[in-house]
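Step one of this worksheet: look at the structure below.
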Amino acid sequence: MNVATKMPEAVIADDFRMLIDGELKGSDNLFEIYNPATNTVIAHAPDATRQDLETAVAAARRAFKSWSRLSWDERGDYITRFADVIEQRREELTTMLTLEQGKPRHTLATREVDLAIHWLKGMAKQRLHNEILEDNEQHTVEVQHAPLGVVGAITPWNFPVLLSLWKIAPCLVTGNTMVLKPSPYTPMCTLWFGEIAKDIFPPGVLNFVSGGNDLGQWITEHPGINKISFTGSSATGKKVMASSSVNLKRITLELGGNDAAIVMPDADLDEVVPQLFWAAFGNSGQWCIAPKRIFIHSSVYRQFADKFVAFAKEKKVGDGMLPDTDLGPIQNKMQYGKLLDMFADIRAKGYEVLLGGQIDESLAGNFVPVTIVDNPPDDSRIVREEPFGPVVPLLSYETFDEVIERANDTDYGLGGSVWGRDRAKAIEVANQLETGTVWVNEIQVHGVTLPLAGHKQSGMGAENGEEGLCEFTNTKTLMFKK
C-alpha cells in the first residue's frame with residue numbers, strides 16, 4: 001500500500017462552541033477531536049449537558065411560533081443568505097472538513113462543500129403547494145402541509161457537511177425549527193455553521209449541540225421534539241425508532257446499505273470499471289450508497305477483475321491534505337477496528353484476495369488499503385455485512401434470474417445499479433431490484449428534487465424531493481362549507 005503520512009501545516013482555531021438560542025456557548029466539559037490521518041488531537045468540542053439541550057429545545061419551540069408564520073419566500077431568503085456566507089468561506093470549511101474527516105481536500109472534500117452549498121440554495125427555492133381536492137356549490141376541500149414544530153437532527157461522520165445541510169434546509173424552509181447534533185467524531189464543521197447561523201437566523205430557529213451517545217438519546221426521547229431526522233447505521237436506527245416512540249415522534253431514518261452492482265455480459269468494461277471503482281471506494285468506502293457487492297457475468301468476470309485491479313493499483317491512500325492522495329484514512333478508530341476484524345475473517349476463511357488484504361497497524365493514521373476479494377461465498381461476512389470501508393467482493397453469476405435473487409437476498413435495500421449496453425434489458429433487471437434507488441449505466445446521481453429512500457432495513461421515509469419536504473410536515477385537510 002502506497003501511503004503518504006506527512007501533513008502540511010494547517011491551523012484551525014480550538015474554540016468551537018454550540019449555538020443555543022442565538023448565543024454561542026461553551027462548556028466546562030470538553031471532548032477531543034482527532035485527525036484520522038495522524039490520530040493526534042486537533043481541537044476540542046463542548047460536551048452538552050442536559051440543561052443545554054433543555055435550553056435549546058425551549059428556544060426552538062419559542063422561535064417556531066414566529067418562524068412558521070413567515071412565508072416560504074421569507075424563509076428561503078434566510079437559507080440563501082446562510083449559503084452565501086458559507087460560500088464566501090468555503091476554503092476554510094474545506095480544510096476543516098479534511099482535517100476532521102480525512103477525505104482528500106483537493107477532490108472529495110471540495111466536492112462535498114460545493115455540493116452542500118448548491119443544495120442549500122436549491123432547497124431554499126423548493127415549495128409545497130396546497131391542493132384543492134373539491135370545490136363545488138356546497139363546500140371546498142383543501143389539503144395543506146403544516147410544519148411539525150421542533151426537529152431533532154442527528155448526523156453521521158462520513159459526510160458531516162453535506163448531510164447536516166441536507167437536514168437543515170428542508171426543515172427550515174417548511175417552517176420548522178431545529179436542534180442538530182453532529183457526530184462526536186466530526187463536530188467541527190457543524191459547530192462552525194453555528195458561528196455563521198448566529199448572525200443570520202432569528203434566535204432559536206437553528207441550534208447546534210455537541211456530545212456523545214447520551215445526548216443523542218436525550219434528543220430522541222425529548223417530549224418537546226416533534227420529529228427526528230437521523231442518518232447512521234441500521235443498528236442505531238432501530239434504537240432511535242424505539243426511543244422516539246415515547247411521544248410518537250415523526251421519524252426519518254436514512255440507514256445502512258449493502259448495494260449490489262450488476263455488470264451484464266455486454267457492458268463496456270472500460271467505461272464501467274472507473275465508475276464502479278470510485279462509487280465503491282470513494283471516501284474510502286465510507287458511504288451508505290457505495291456498491292458493496294459487485295456481480296459480474298461469468299463470461300466477462302476475469303476480464304472485469306483484471307481491469308478493476310489494474311485501475312485500483314494506480315490509486316494512492318494517504319493524508320487528505322496531500323495533493324497526490326486519492327483515498328484518505330478511515331475516519332475513526334471504532335470503524336478501523338471493525339475493518340481489522342473483517343480483514344481477519346477474510347484471511348481466516350482463506351478467501352482469495354486480488355489486491356490489498358493486509359492493514360499496516362504500525363502507521364499513525366487509520367489507513368486501510370484498497371482491497372478486492374475474489375468471488376467469496378454468498379454467506380461470507382464480506383458479502384452479507386456492510387464493511388463501510390475500502391473492501392469489496394467481486395461475485396460471478398450465470399443468469400439474470402440468479403443474480404436478481406442473490407442481489408435481493410439481503411436485509412438492506414438502499415440502492416443498486418445495473419450496467420449494460422442493452423438498455424431495455426438493464427432496465428428490466430433494475431425494475432426487479434428491491435431498493436429505494438436504482439441507477440442504470442450511471443451511479444450516485446442525486447438532486448434537490450430527487451427523493452432518496454431506503455427499503456427494508458435501509459431506512460424509513462425519504463430525503464430530498466417533494467417526498468422529502470413532506471417528511472417535515474403534517475397533512476392537514478381543511479374543509480369549509482360555502
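Check region 16-25 and report whether any residue there is over 26 Å from the mean Cα position of the chain (by Cα) and free of Cβ contacts under 8 Å to residues at least 60 places away in the same chain. Checked against the condition, which is being over 26 Å from the mean Cα position of the chain (by Cα) and free of Cβ contacts under 8 Å to residues at least 60 places away in the same chain, region 16-25 yields at least one hit. Considering only residues that are closer than 17 Å to Ala407 by Cα, part of a loop (DSSP other than H, G, I, E, B) and under 23 Å from the mean Cα position of the chain (by Cα), which ones fall in region 347-386? Correct list: Glu385, Glu386.
Here region 422-435 is the region considered, the condition is being surrounded by fewer than 19 Cβ atoms within 10 Å (Cβ to Cβ) and assigned to a loop (DSSP other than H, G, I, E, B), and the residue that is farthest from the chain's Cα centre (by Cα) is Asp422. Taking region 170-187 as the range and being basic (Lys, Arg) and surrounded by fewer than 24 Cβ atoms within 10 Å (Cβ to Cβ) as the test, no residue passes. A single member of Asp84, Asp135, Asp114 is in the same structural domain as Thr38 (by TED's automatic domain parsing), at pLDDT below 95 and not basic (Lys, Arg), and it is Asp135.
Every residue, every condition in (1) touching a residue at least 12 places away in the same chain (Cβ under 8 Å); (2) crowded, with 20+ Cβ neighbours inside 10 Å; (3) farther than 25 Å from Ser417 by Cα; (4) out of contact with any Cys (no Cβ under 8 Å at 6 or more places or on another chain), yes or no:
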| residue | (1), (2), (3), (4) |
| --- | --- |
| Val273 | yes, yes, no, yes |
| Phe304 | yes, yes, no, yes |
| Phe311 | yes, no, no, yes |
| Phe343 | yes, yes, yes, yes |
| Glu361 | yes, no, yes, yes |
| Ala364 | yes, no, yes, yes |
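Tallying residues that are assigned to a loop (DSSP other than H, G, I, E, B) and in contact (Cβ under 8 Å) with a residue 40 or more places away in the chain within region 70-84 yields 1. For Thr107, the criteria (1) polar (S, T, N, Q); (2) assigned to a helix (DSSP H, G or I); (3) touching a strand residue (DSSP E or B) at 6+ places or on another chain (Cβ under 9 Å) hold in every case but one, which is (3).
Which residue pairs have Cβ atoms closer than 7 Å, lie 6 or more positions apart in sequence or on different chains, and pair a first residue in region 463-482 that is without any contact (Cβ under 8 Å) to a residue 12 or more places away in the chain with a second residue that is loosely packed, with under 15 Cβ neighbours inside 10 Å and of a type outside the set (Lys, Arg)? Matching pairs, first to second residue: none at all. Is it fair to say Thr236 is in the same structural domain as Thr94 (by TED's automatic domain parsing) and at pLDDT 95 or above? It is false that Thr236 is in the same structural domain as Thr94 (by TED's automatic domain parsing) and at pLDDT 95 or above.
Looking across region 457-482, the residues that are in contact with a helix residue (DSSP H, G or I) (Cβ under 9 Å, 6 or more places away or on another chain) and not hydrophobic (A, V, I, L, M, F, W, C) come down to Gln457, Ser458, Gly459, Gly461, Glu463, Asn464, Gly468, Glu471.
For region 436-455, which residues satisfy the criterion of being of a type outside the set (Gly, Ala, Ser) and part of a loop (DSSP other than H, G, I, E, B)? Passing the criteria: Asn441, Glu442, Ile443, Gln444, Val445, His446, Val448, Thr449, Leu450, Pro451. The residue that is surrounded by the fewest Cβ atoms within 10 Å (Cβ to Cβ), among those in region 366-400 that are more than 22 Å from Arg302 (Cα to Cα) and touching a Pro at 6+ places or on another chain (Cβ under 9 Å), is Arg381. When we screen Glu137, Glu142, Glu87, Glu92 for residues that are in contact with a Leu (Cβ under 8 Å, 6 or more places away or on another chain) and either surrounded by fewer than 23 Cβ atoms within 10 Å (Cβ to Cβ) or of a type in the set (A, V, I, L, M) (or both), the only hit is Glu142. For Ile132, the conditions (1) of a type in the set (A, V, I, L, M, F, W, C); (2) in contact with a strand residue (DSSP E or B) (Cβ under 7 Å, 6 or more places away or on another chain); (3) assigned to a helix (DSSP H, G or I) are fulfilled apart from (3).
The values are calculated or read from the model by the stated rules, or taken from the named source; none is laboratory data. Keep in mind it's a predicted model, so treat the numbers as computed, not measured. Note that we place each Cβ from the backbone using ideal geometry, even for glycine, and neighbour counts take in every protein chain shown.
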